[in-house]
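Novice: This is the structure I want to talk about, given as structure tokens.
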Amino acid sequence: MLLWEIGNRRIPFHRMRDAMQMDAEVQAVAKKIVAEILEIDPGILESTDRFKEDHGADSMRAIEILAALEERFEVTVAQHDIARMVDLDGVYTALANAVDSQ
């Protein structure tokens with residue numbers, strides 16, 4: 001069984017959606033990845049900041065964000081969820097949906 005380690009807990013991968021909704025650490029990892037790609041301090045990145053409009057992200061950065069998140073969380077984001085990944089809230093939702101579809 002594939003397990004996801006969060007802090008000192010090991011969570012079965014199929015339960016990851018519940019963990020993602022409840023665990024701030026998973027959101028912090030996603031936020032850190034996005035901030036690194038956007039080359040900004042994670043502390044200034046708000047959940048509703050739009051990557052393009054607020055932080056100047058272009059389409060190449062969007063692809064980098066998608067690839068990094070899929071690799072780190074070992075998921076594949078569905079095509080219809082990619083369009084919602086314009087801010088952190090959209091990223092969290094897209095990741096949760098990707099976990100659900102596994």
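The values are calculated or read from the model by the stated rules, or taken from the named source; none is laboratory data. Remember, it's a predicted structure, so these values are computed and weren't measured experimentally. As a convention, Cβ positions derive from the backbone with ideal geometry for all residues, glycine included, and neighbour counts pool all protein chains shown.
Novice: For region 82-102, which residues satisfy the criterion of being of a type outside the set (Val, Ile, Thr) and either assigned to a loop (DSSP other than H, G, I, E, B) or farther than 23 Å from Pro42 by Cα (or both)?
Specialist: Let us first name the residues in region 82-102 that are of a type outside the set (Val, Ile, Thr), namely 83-85, 87-90, 92, 94-98, 100-102.
Passing the criteria: Ala83, Arg84, Met85, Asp87, Asn97, Ala98, Asp100, Ser101, Gln102.
Novice: So in region 81-102, with the set limited to residues that are of a type in the set (D, E, K, R) and farther than 18 Å from Val29 by Cα, which one is modelled with the lowest pLDDT?
Specialist: Of region 81-102, the ones of a type in the set (D, E, K, R) are 81, 84, 87, 89, 100.
With farther than 18 Å from Val29 by Cα added as a condition, the list becomes 81, 84, 100.
Details: Asp81: 93, Arg84: 92, Asp100: 75.
Taking the candidates together, the pick is Asp100.
Novice: I want to confirm something. Restricting to region 44-60 and keeping residues that are in a helix (DSSP H, G or I) and either of a type in the set (A, V, I, L, M, F, W, C) or modelled with pLDDT under 95 (or both), which single residue is farthest from Ile82 (Cα to Cα)?
Specialist: Within region 44-60, the subset in a helix (DSSP H, G or I) is 44, 51-55, 59-60.
Then drop every residue that is not either of a type in the set (A, V, I, L, M, F, W, C) or modelled with pLDDT under 95 (or both), which leaves 44, 51, 59-60.
Details: Ile44: 23, Phe51: 13, Ser59: 12, Met60: 13 Å.
Per the criteria, the residue is Ile44.
Novice: Same structure again: Glu39: at positive phi and either modelled with pLDDT of 95 or more or of a type in the set (S, T, N, Q) (or both), yes or no?
Specialist: In short, yes.
Novice: Which residues, taken from region 69-101, are crowded, with 16+ Cβ neighbours inside 10 Å and under 14 Å from Val34 (Cα atoms)?
Specialist: Hits for region 69-101 are Leu69, Phe73, Met85, Val86, Asp87, Leu88, Gly90, Val91, Tyr92, Ala94, Leu95.
Novice: Modelled with pLDDT of 60 or more, within 14 Å of Leu88 (Cβ to Cβ) and charged (D, E, K, R) - does that describe any residue in region 22-29?
Specialist: Residues of region 22-29 modelled with pLDDT of 60 or more: 23-29.
Subsequent filtering for residues that are within 14 Å of Leu88 (Cβ to Cβ) retains 24, 26-29.
Still in the running and charged (D, E, K, R): none.
No, region 22-29 has no match at all.
Novice: Does region 71-80 contain any residue that is modelled with pLDDT of 95 or more, within 10 Å of the chain's Cα centre (by Cα), within 13 Å of Ala30 (Cβ to Cβ) and outside any loop (DSSP other than H, G, I, E, B)?
Specialist: no
Novice: If you take the residues in region 39-63 that are farther than 16 Å from Tyr92 by Cα and in contact (Cβ under 8 Å) with a residue 24 or more places away in the chain, which one is surrounded by the fewest Cβ atoms within 10 Å (Cβ to Cβ)?
Specialist: Residue satisfying both the conditions and the ranking: Lys52.
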